[in-house]
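Please read the structure below before turning to the comments.
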Amino acid sequence: MTDTIVVDEIGNFTIGKAQTTMDESDGVLQSFEDALNHWKINLNEGAKNLLAIIYSGTTVLNKILTRSGEEKIGLIVTAGFEDLIRMGRGIQSYVGYSYPDRLHSVSHKFEKPIIKRTYIRGVRGRINVYGEEMIPLYEDEVEDAINDLLSKNVCGICVSLLFSFRNPSHELMVEKIAKSMMKRRSHEIPIFLSSKFTPTRGELPRTNTLLLEPYAAEPSRAQIVRIRDRLRQIGSKAPLRILTSYGGTIPPEDEWLVPTIVSGPIGGLIGAKYLANALKIENVCCCDVGGTSFDAGLITEGNIPIEIEPAFARLKLSIPSISLDSIGAGTGTFVNLDRITRRIELSDESAGYKIGTSYEAANLSIPTINDCNLILGYINPDYFLGGRIKLNPERALKFLKEKISEPLEINIYDAAFGIVKLIETQMRNHINSIVLGKGYAPENYFLLCYGGGGPLHVAGFTDGLNFQDTLIPMWAPAFSAFGCACSDYQFRYDRQIDMPLNSDFSNYKTVTAFLNAGWQIAYDRIREEIEKAMGETEVKFVPCARIQYLGMLDDLEVTYEKFPIKKEGLEELIRRFEDVFEKIYTSAAKTPESGYLITRAIGIGVVKTEKPVIKKEKISSSKPIDDYFKAERQIYWEGKWENAKVFDMDKFLPGNEINGPAILEHPATTFLIPKGYISFLDEYKVFHLRRQ
């Protein structure tokens, strides 16, 4: 589905939802129009008054997942490393697998490399780990490699040489030679240097990341620009920004779009932190139930962790990214029956915007979770997307009976209920493993649930997990879009420095010199990018560093406001690192006597933007008003049919309470309150769900 949130000048907001379309701009306009309808504003008038547009989605990621990007990309590496991306790393053979599949190597499999071996050329020359030239670059081999790649009509050339993040001279020489040869041929193609775009250690992640720019990001640029152009055609003059994986936003003209790979689910965690600040809570387990996936992440002590080598689409990458764990468990998940073991299996594939067999226009024959929810009475077949899409329960019954219940010789409603419980168990195990894996327990966290399928399944997947409270925002179906509106205009630049710091700070002069040099490079790069995108504007520069105890495997990110840094500032930076370390791990794990390693100097440039206002409203009566009531509907729950009252979610006021079994309907979602549960709406328009 395509979600839109529209925010006015005083922070009021409204949401819209539409079915995702092949031409994404169509779905965006439909969703935008749906949001404006709540304020009785027509599409052209709304477009004319736009001040800013923020986009988040999976356009780039989908090209990588389906391996449908641009394959004719040249890659120049240090001689001997021509098979680097084909060999990969062991983790790439099982990353994203379920826990049982990770344990058994027979199920491990490497995906096809994103470019063919024939487009990879090695050249001799060597920079060592200290940035010193050990072997000069063989320029004749560079010329041969460029000639060969140009003769194969590649659309771009990536250059990733060993330790270029320490000393980029060899990569710059390759670029110079390539540009000279292209000029003579009158044939210009882009050149991407790892020393410019990914100056970090880890040959495989930075080479993978570099390749994704011409492979997937550049081919997706036109789709995003088309969204902006379609809005301009109806009167918009607002600039468009794209949400990045680290939580900032960049323009579509930016020369480096790879950080936008997984912007869709990231918005949810940004919105969760913004909402948590308003609610004055620090520990939040965030869960997003969409049509294709179940995404979960943690906010601990008010901090959202950043991963520096995340895995997306079975590839290890060098992109700073908000830490998020996903499994293929959405409302569009296909349901299959293993004919040999006679076990119900939930597929990794999803119907996505095609919904399920109940949506006749999709012409599907394999049932989905949506079909099961429809059969059980949870979803209104005449009110999907507010009635814009009609579902056919009989068709859902037909295929579930044919594919599942008849072969198993069980009641079709018990089959549907069991399937829903199965996917909710997967969701529950997933969030439990994330929380326990960090050394915490559900009792330490509030659970915040959102996404189009979140309110429908939240009671099921939180059953037995003793979170402090379960929260469902009234705007849950467009919560990730809400998170986009909560983000600033932001650029980030990471640079590897790997500087050890003695425990007595005796080498502080060297360390501060390296930090300041790294931050200066980041500052200059960020200013250049922001001026290109926005012209002269006020930018807040935030210096950050990633630090670890010497000998440990994981580093942590901390910020420091002043730049350049001196000895007392370095001492404060280390104090902050130790505070963060103690929150995430324990004080007993500290080893300051071994010294520290400052792995990265990071610069973040921030331009503040207008954000939604989460207003505190007046509490009214606990009893819902009669005109909230829409109907009574039978729902199947734990082996029997129950009469559930159906209410209009939009009409609820802060203070209203409702006992289960009940259903709250919204054009973009359904909130199921089972028997034995109670829910109330607080002054911030957030529902709380608890057992009675």
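No value in this document is a laboratory result; all are computed from the given coordinates. Owing to the predicted nature of the structure, the values given are computational and were not obtained by experimental measurement. Using ideal geometry, Cβ is built from the backbone for each residue, glycine included, and neighbour counts are taken over all protein chains shown.
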Rounded if a/c is under 1.5, else prolate if a/b beats b/c, else oblate: with a ≥ b ≥ c from the C-alpha gyration tensor eigenvalues square-rooted, which is segment 417-567? oblate
Helix 139-151 axis, angle to the chain major axis (alpha carbon atoms, nearest 10°): 40 degrees
Spread of Cα-to-Cα distances over 5 Å intervals beginning at zero, given as percent, for segment 457-541: 3, 10, 13, 10, 10, 9, 9, 9, 12, 11, 4, 0
Amide H of THR609: which non-local residues (sequence gap of 5 or more, or other chain) have their own amide H closer than 5 Å, using H built in the peptide plane? TYR489
Pop the C-beta distance of ASP626 and PHE514 into the FRET formula with R0 = 60 Å and round what comes out to the nearest 0.05. 0.30
Which lysines have a Cα lying under 23 Å from the Cα of LYS509, excluding residues fewer than 8 positions away in the same chain? LYS562, LYS566, LYS567
Quick one: which residues, 5 or more positions from THR249 or on another chain, have an amide H under 5 Å from its amide H? H modelled 1.01 Å from N in the peptide plane, none for Pro or chain starts. THR244, GLN490
Given 10 °C and 1.306 mPa s, compute D for segment 626-691 with the Stokes-Einstein relation, Rh being the Kirkwood radius over Cα pairs; round to the nearest whole µm²/s. 131 µm²/s
Could you please report the charge total around GLU617, scoring K, R as +1 and D, E as -1 over all other residues with beta-carbon less than 11 angstrom from its beta-carbon? +2
Would you mind calculating the gained length between ARG185 and GLN692 on full extension (0.36 nm times residue separation, minus the Cα-Cα distance), in nm to one decimal? 174.9 nm
Compute the distance in nm between two label points, each set 7 Å from the Cα along the Cα-to-Cβ direction, one at ASP144 and one at GLU349. 4.5 nm
If you add up the charges near ARG201, with Lys and Arg at +1 and Asp and Glu at -1, over every other residue whose beta carbon is less than 12 angstrom from its beta carbon, what do you get? 0
Between GLU360 and ASP554, what length comes free when the chain is fully extended (0.36 nm per residue of separation minus the Cα-Cα distance, one decimal in nm)? 64.8 nm
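Given the rule -39500 (n - 2.57) for each run of at least 4 DSSP H residues, summed and divided by the residues of the chain, what is its mean residue ellipticity at 222 nm, to the nearest 500 deg cm²/dmol?
Dividing the helical sum by the residues of the chain leaves -9500 deg cm²/dmol.
Among the DSSP beta bridges whose two residues both lie in the chain, what percent are antiparallel, rounded to the nearest 5?
Among the beta bridges of the chain, antiparallel pairing accounts for roughly 75 percent.
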What lysines does LYS176 reach when the alpha-carbon gap must be under 19 Å and sequence neighbours fewer than 8 apart in one chain are set aside? LYS196
Report, to the nearest 10°, how far helix 412-437 tilts away from the longest principal axis of the Cα atoms in the chain, using its own Cα long axis and a range of 0 to 90°. 40 degrees
Please give the FRET efficiency for MET87 paired with ARG67, using the beta carbon to beta carbon distance and R0 = 25 Å, rounded to the nearest 0.05. 0.90
Using alpha carbons only, how many angstrom separate the centre of segment 278-355 from the centre of segment 124-144? 43 Å
Rounded tilt (10° steps) of 24-37 against the dominant C-alpha axis of the chain: 50 degrees
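Cut-off is 10 Å between beta-carbons; in what order do VAL613, VAL154, VAL6 appear when sorted fewest neighbours first? Numbers along the way, then the final one.
Numbers: VAL613 13, VAL154 21, VAL6 24.
Ascending number of Cβ neighbours within 10 Å: VAL613, VAL154, VAL6.
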Pairs of Cα atoms farther than 16 Å apart, segment 490-607, %: 59 percent
Under the rule rounded for a/c under 1.5, else prolate if a/b exceeds b/c, else oblate, using alpha carbon gyration tensor axes a ≥ b ≥ c, segment 226-291 is classed as prolate
Ratio of Rg to Rh for segment 102-206, alpha carbon only, Kirkwood? 1.04
Ranked by how many other beta carbons lie within 10 Å on average, peptides 294-307, 254-267, 515-528 from highest: 254-267, 294-307, 515-528
Once LEU436 and THR21 are pulled to full extension, the length gained, defined as 0.36 nm per residue separation minus their Cα-Cα distance, is 145.5 nm
Taking the chain, the whole-percent share of alpha-carbon pairs separated by over 46 angstrom is 22 percent
